[in-house]
Structure formats: structure tokens, C-alpha cells
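The values are calculated or read from the model by the stated rules, or taken from the named source; none is laboratory data. As the structure is a computational prediction, the values presented were derived from the model and not from experiment. Quick reminder, even Gly has a Cβ in these numbers, built from the backbone with ideal geometry, and neighbours come from all protein chains shown.
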Amino acid sequence: MTVPIENLLDTDAMLAPEELDLRATVRRFGEQRLRPHIAEWFEAGGVPVRELSAELGKLGLLGMHLNGYGCGGSTATAYGVVCQELEAVDSGLRSMVSVQGSLAMFAIYRHGSEEQRQQWLPGMAAGEVIGCFGLTEPDFGSNPSGMRTTARRDGSDWIVSGSKMWITNGTEADLAIVWARAEEGIVGFVVPTDCPGFSAREMTRKLSLRASITAELYLDEVRLPADAQLPEARGLSGPLACLSEARFGIVFGSVGAARDCLETTLDYVAARDVFGKPLAGYQLTQEKLADMAVELGKAQLLALHLGRLKDAGRIRPDQVSFGKLNNVREALQIARQCRTLLGANGITLEYPVLRHANNLESVLTYEGTSEVHQLVIGEALTGVSAFR
Ligand SMILES: Cc1cc2nc3c(=O)[nH]c(=O)nc-3n(C[C@H](O)[C@H](O)[C@H](O)COP(=O)(O)OP(=O)(O)OC[C@H]3O[C@@H](n4cnc5c(N)ncnc54)[C@H](O)[C@@H]3O)c2cc1C
């Protein structure tokens, strides 16, 4: 008798019936609608963002953890579970949902005016309006406080100039949340991408997260009315609050990618004969499988624990850093180890393991690199900031 990986620790018992139902729905969507195409999208270096966004919107997955404005008002844990199922197919697909719901929509939800929420959120929840989130610049990634994009007032208007880099869905978006430096500090704007002076160019030749569109944004003296500013965003804490939301989704999502690798590998080692018997029957193989299952189980417990903390309104940013650091690092290790067990087959797109490993290299870097999260945890432990 074999025990499915998910049942090893009986973590399903920690999920509510409606969370399990939602998981089943999204898993079915992932297997039937997404997985059959993912290798092709990854190879081609793109995804049909508009088509998929409309379908994800119909399923109620965009901004699902926000309340009102056409959003689902789900628990944070339910949102995490959805991220897990999407990332079990590909990190790029989970990124699409994270950027729309946790970065672009959340920025408007948390920092926007009532008029901005009513204007943008229902269309975004339906997947009819696509958003992107422009924080990173060519010279400022981990340290966004150094950003060079500027916003200056001209009468009641704003003039925004600068460039952003590595922006997910930048060429597909109808609106960009753009962060800029003004006299009073960092400010945020909702920028319709058809504004004169705004342009986006796709970044190609990526070796990771290929089933996701990444772009550079250029803002050349873009004139915006006063009401394009996000009135409640004050300083760097504005974008950082959004990043914390997206990082939370990654805590769960990365476990999905690792689970997919391990499930694939368990099937593979059962079927693959080496030296006259199944690869699954060797002690060296079982050591790898057991160690991976232990790390996967721990990562899932951590995700669920953080989910419940967030649902209770008690989660702290350093706890999200804890989860992102551990779960992405371990997921990447699992993906690489699974690759060894698949031998040469592991390097192909016939199997998901190297695709997941390559994707997880991006996941390790975006939404705060591992080093940034180590520094956040280090500061929480010592009270001393070691960023500079
Ligand atoms: C596929 C992809 C999609 C992305 N999507 C978006 C998006 O939609 N929107 C957006 O705004 N950004 C996005 N990003 C950008 C991402 O957030 C940045 O790449 C990330 O913040 C790291 O910045 P950087 O690449 O400039 O690296 P750097 O900041 O230059 O870091 C380089 C290295 O230095 C280390 N380092 C930095 N500071 C310290 C320190 N104080 N002490 C020790 N080590 C340090 C880092 O950990 C890293 O190892 C995306 C990136 C990728 C790869």
C-alpha cells in the first residue's frame, strides 16, 4: 500500500470543507485547462493572458481574498490553496493571479480612493481589466527606496517620468500601478497604459518563468490627473504592503510546485527499472524521497499555520518572510533533487521538474530575494537592521 504525499501528515484535516471543495475545482481546472498546454507555453515563452484572465475571473480567483467590488471575500488560507494548485502546474500561472490580485488589485483596494475601487476593481476581478505592478527599476530591485522614477506636480496634475523593469504582464496590462519619487516621498499611481508617454516592451530570452510575460515600462513625461494618485499610500510602506500579500501567496504556491515534482518522481521511480529492478526499490532513492517528503510536509504545515495567522489578522511581515524564505528554498531543492531521479528525462519538457526548478529560480528572487528575507528575519531577531 502507498500513502499519497498529501496524506502523509494528514494536512487536509486542517482545511475547511469549502477550502477542500475550492481546491478540487481549481485542481480540475489546472489539470484540464492548463496542464495540457503548459509545456507549449513555456517553450514559446508566453501565455494567452487575456483569455486565461477571463477564465480565472469567471472562477472567482482574481482578488478572491478581497471584500466587495466583485471580489470573493475568501479566507487568506483559501487564496493560498488556490495559489498552490495553480503553481502545481506552473509558477508563471500563479504569478499571473498574484500580480492581478495581490499586487495591482490590492494596491487599489488598500491605498485607493472609493472612486478608484469602484472604477477598477470589478473589471479586474472579472479578468476583463488587466493590471501590472511597477516597482522594480533597472538599478533598484532589492532597494526600491533608491528609485529614480519621479513624480512632480504641474498645477493639479502630476507628471511622471522614469522606467521600470521586470514587470509581469507589463505589455498586456490595461493599467499599471506605478511607484515614483515625489517631493513628499514615494507615491503610487494608477496609470492607464494608453496614456500618452507610456510604453512597454517585452523582455525576451528568459530561462525561467517562461510561461509569463515580463516587460520594461517607460514613462516619458506622462501627465496624470490628481485623482490618479493612490491617496492612502504613504511612503515605501505603500508598495511593501502589497508585496507582503503576494509573498503570502508564494508561501503556498511554492509548495504546489514541489508537490508536483515529487508526485511526478514517485510515479517515475516506480516505473523505471535500473540494474534489473525499479528505481524506487533502492535505499539511495528512498533516502531522497523521504527527505523530500519531510521538507514538503514541513513547508505545508508552515503555509497552513501562516494562513491561519493571516485569517486571524495576526500575521507579521517577518513571519511572511520566514515562510517565503523556507518554502521557496526547499521547493527549489526538491525540484533539483527530483530532476536527479529522472535522469536525462528530467531535463526535458515531457516532465515538469526542470521547468519547475527553473521557475523557482525567479520565485527565489522576486518578491524579495532569499537574502532580503534573511535580513528581515535577522532584524526581527536582533533588533538591528543590516540592510546597509
Ligand atoms: C520573472 C520576474 C518577474 C518579476 N515581476 C516583477 C513585477 O511584476 N513587478 C516588480 O516591480 N518587480 C518584478 N520583478 C523584479 C524582482 O522583484 C527583483 O528582481 C527583485 O526584487 C531583486 O532585485 P534585483 O533583480 O534588482 O536584484 P538586486 O537587488 O540587484 O540583488 C542582487 C543580489 O544582491 C543581494 N542583495 C541585495 N541587497 C542586499 C543586502 N543588503 N545584503 C546582502 N545581499 C543583498 C540580493 O539578495 C541578490 O542576491 C520580477 C523579477 C523576475 C525575475
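Structure summary
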{"quantity": "Residues located in the stretch 251-309, provided they are of a type in the set (Phe, Trp, Tyr) and within 18 Å of ASN345 (Cα to Cα)", "calculated": "TYR268, PHE275"}
{"quantity": "Count of residues meeting criterion [buried (at least 21 other Cβ atoms within 10 Å of the Cβ) and in contact with a Gly (Cβ under 8 Å, 6 or more places away or on another chain)] in the stretch 224-242", "calculated": "5"}
{"quantity": "Single residue of LEU93, LEU86, LEU103, LEU62 found to be in a loop (DSSP other than H, G, I, E, B) and crowded, with 24+ Cβ neighbours inside 10 Å", "calculated": "LEU62"}
{"quantity": "Residue, surrounded by the most Cβ atoms within 10 Å (Cβ to Cβ), within the stretch 108-155, restricted to residues that are within 12 Å of the ligand (Cβ to nearest atom) and free of Cβ contacts under 8 Å to residues at least 24 places away in the same chain", "calculated": "PHE140"}
{"quantity": "Residue under evaluation LEU354, criteria (1) surrounded by fewer than 24 Cβ atoms within 10 Å (Cβ to Cβ); (2) touching a Gly at 6+ places or on another chain (Cβ under 8 Å); (3) within 14 Å of ASP260 (Cα to Cα); (4) touching a residue at least 24 places away in the same chain (Cβ under 8 Å), criterion not met", "calculated": "(4)"}
{"quantity": "Where HIS373 falls short, out of the listed (1) surrounded by fewer than 23 Cβ atoms within 10 Å (Cβ to Cβ); (2) within 15 Å of the ligand (Cβ to nearest atom)", "calculated": "(1)"}
{"quantity": "Residue tally, condition surrounded by 13 or more Cβ atoms within 10 Å (Cβ to Cβ), of a type in the set (A, V, I, L, M, F, W, C) and out of contact with any Ser or Thr (no Cβ under 9 Å at 6 or more places or on another chain), over the stretch 21-34", "calculated": "3"}
{"quantity": "Cβ-Cβ under 8 Å pairs, at least 6 apart or on other chains, the stretch 36-48 side on the phi > 0 side of the Ramachandran plot, far side surrounded by fewer than 16 Cβ atoms within 10 Å (Cβ to Cβ) and at pLDDT below 95", "calculated": "none"}
{"quantity": "The stretch 310-326: number of residues that are surrounded by fewer than 21 Cβ atoms within 10 Å (Cβ to Cβ) and basic (Lys, Arg)", "calculated": "2"}
{"quantity": "Criterion: touching a helix residue (DSSP H, G or I) at 6+ places or on another chain (Cβ under 9 Å), near the ligand (Cβ under 10 Å from one of its atoms) and either among the aromatic types (Phe, Trp, Tyr) or assigned to a strand (DSSP E or B) (or both) - qualifying residue of TRP158, TRP179", "calculated": "TRP179"}
